[in-house]
1. Residue by residue through region 390-433, note down the ones that are of a type in the set (Lys, Arg) and under 29 Å from Pro512 (Cβ atoms).
2. Among the candidates Gly448, Gly402, single out the residue that is at positive phi and either at pLDDT below 95 or not hydrophobic (A, V, I, L, M, F, W, C) (or both).
3. Across region 277-326, what is the total count of residues that are within 20 Å of His232 (Cα to Cα), touching a residue at least 40 places away in the same chain (Cβ under 8 Å) and of a type in the set (Gly, Ala, Ser)?
4. Given (1) in contact with a Leu (Cβ under 6 Å, 6 or more places away or on another chain); (2) closer than 30 Å to Ala483 by Cβ; (3) without any contact (Cβ under 8 Å) to a residue 24 or more places away in the chain; (4) not aliphatic (A, V, I, L, M), where does Thr270 come up short, assuming only one miss?
5. Among residues belonging to region 212-234 that are assigned to a loop (DSSP other than H, G, I, E, B) and at pLDDT 95 or above, point out the one that is nearest to the chain's Cα centre (by Cα).
6. Being of a type in the set (A, V, I, L, M, F, W, C), more than 29 Å from Leu494 (Cα to Cα) and surrounded by fewer than 20 Cβ atoms within 10 Å (Cβ to Cβ): is that true of Ala221 here?
7. Residue under question is Gly448, and the condition is that it be touching a residue at least 24 places away in the same chain (Cβ under 8 Å), under 29 Å from Lys329 (Cα atoms), small (Gly, Ala, Ser) and surrounded by fewer than 21 Cβ atoms within 10 Å (Cβ to Cβ); does it hold?
8. Just the residues that are over 16 Å from the mean Cα position of the chain (by Cα) and in a loop (DSSP other than H, G, I, E, B), please, taken from region 501-537.
Amino acid sequence: MRRFVALAIVVFAPPAVAAEAPKVGDAVGKLKFTDTRSLPRTLDDFGKKKAVVLVFVNTTCPLAQKYLPTLSALEKEYRAKDVQFVGVNAADDDSLIATATHAVKYEIEFPFVKDFGGTCAKALGATRTPQAVVLDAERRIAYRGRIDDQYRLGGARKEPSARELKDALDALLAGKKVAVAETEVDGCPITFPKPREPRKVTFAEHVAPVLQKHCWECHKAGGGAPFALTTHKQAAARADALAEVVRDQRMPPWFATHDYGPFTNRRALTDDERTILSDWAATGVAAGDLTKVPAPPPEVKEKWLIGKPDLVLDTIEFDLPAAGDIPYKYAVLPHGFTEDTWLQDVQITSDNPRVLHHANLAHGSLKGVSTENFITGYVPGGEPMNLPKGMSFLVPKGSVLGLQIHFVSTGKPEKCKISVGLRYPRDPVQTRLRNFQLFDTRFAIPPGAPAHKVSASRVLDADIVGVGMFAHMHLRGKDMTFAATAPGGKREELLVIANYNFEWQIPYRWEPGAKRFAKGTKLECVAHFDNSPFNPYNPNPTATVRNGPQTHNEMMYGFFFYTHADEKLNVRVDPKTGAEVKP
């Protein structure tokens, strides 16, 4: 009888009814979304505001793109009036990097966020782009609809005849009722992801190949990651975390738009690969036929990723305090180069990685080592200098090597010694690796500025071949763009690091010989800094921030690595000393 009753309830129960769209005047909750730093956020992160304007956008709707300059001007007008603008991307086919890049390309200063699954759009009753939803100070929907009537699907007016979004804001700020609280919206429908049953996938046949391709480089025994993912047991224990970090696109680490390159060290999962990992977590982390699992990479037992160095130079052991900012340390390494010396590979390492944030290596004399003679560095997420066959870096005769070291405190007294390993070329040197920095040290970032612009440029005095680029900023760094303008005036964007991450400062290396630049080309680097309270890493949004060595200061450095074009040095090198072998 109980079985019959249960069956009757299932058979005769009324069909599920879709949740009714919220009405103007309804209150909304926290509204969860993901910022361009891949962090989960809510409206609470903006603090108390007189009004919040959420505008739904995507990267493909023509009407949404046309309204971005209008929105930018409105945001600047109302920022000082305690109104917060937010660009919300609910498009299922737009990645987090694409969302961040969208804001950079259109020079939007207010935050763009990603609405995975369209939960914010549904909670606000948004159905199209560009649709605006205004929340009052109590987070009630005060206005929902179009921005104005200037741009329509069939054409455009020279000037709008109705400015509903602006009128709604003015009424709210004046304590009046919004006269026109809802309007129809032209534009592109928001397509929400359709519910689907997760596929049955297994570790051996499906998951392990994805991890091998994208994760095992770091997540292996002795690797740079804090745990390995090479066995079913290891991956199954972290299946939910794997699904989350790939869904939110936090892993694998890559912070540049994929529109430029090609970059040899590019990291990216396809949509299908992300789905495999999420389906595996959702369906019970099946093992499958473990005999089919790819062979794991060998355990990293040697600290020297460049192979056994030909020369190892050590600093003294530094005594570090338990707390507070630690002023930069400087060390001249105990070796003088009596001949011009060629370096193939260079690695900076330490006996206490927890305290070493970054270190820069350069050459100079006993009188001083200049950053203009930069060789390589150690940074979070970085890699050793490992040059291709035939390319080397020259340390001039009479030089010494010096380190600029940034230590961080850990809560207890620490000690640390830095080691630098050098390997010399085994093959004739054909090209010399060179670099310069595009930088500015005279900036002042105003308090609260959400996207303060700083730029630097340089004109090439020779034909060159680009090797790669690298960005360095501190905690307020938001994005950095590298571009080249040829002598004829054609401008080409080279790299857009749309969601710069201080903890993952990775190089971006071109395919060998892929990028050539003529003499007279202007290379430009443009960076933006987020000094607003919404920046979760901002030490103090009320401060005016200037150039300085500590992380509560800022830096703006765009490194550009290159060789001279058509260079054929044919220098033979003694592999024991790195010195040129004279004929």
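The values are calculated or read from the model by the stated rules, or taken from the named source; none is laboratory data. Quick caveat, the model's predicted, so the values are computed rather than measured. A quick note on method: Cβ atoms are made from the backbone with ideal geometry, for glycine too, and the neighbour counts reach across all protein chains shown.
1. Listed by number, the residues that qualify are Lys397, Arg423, Arg426, Arg432.
2. Answer to the check: Gly448.
3. Qualifying residue count for the region: 6.
4. Status for Thr270: all satisfied but (1).
5. Here the residue is Leu229.
6. Yes: the conditions hold for Ala221.
7. no
8. Result: Glu511, Pro512, Gly513, Ala514, Ala518, Lys519, Gly520, Thr521, Asn531, Ser532, Pro533, Phe534.
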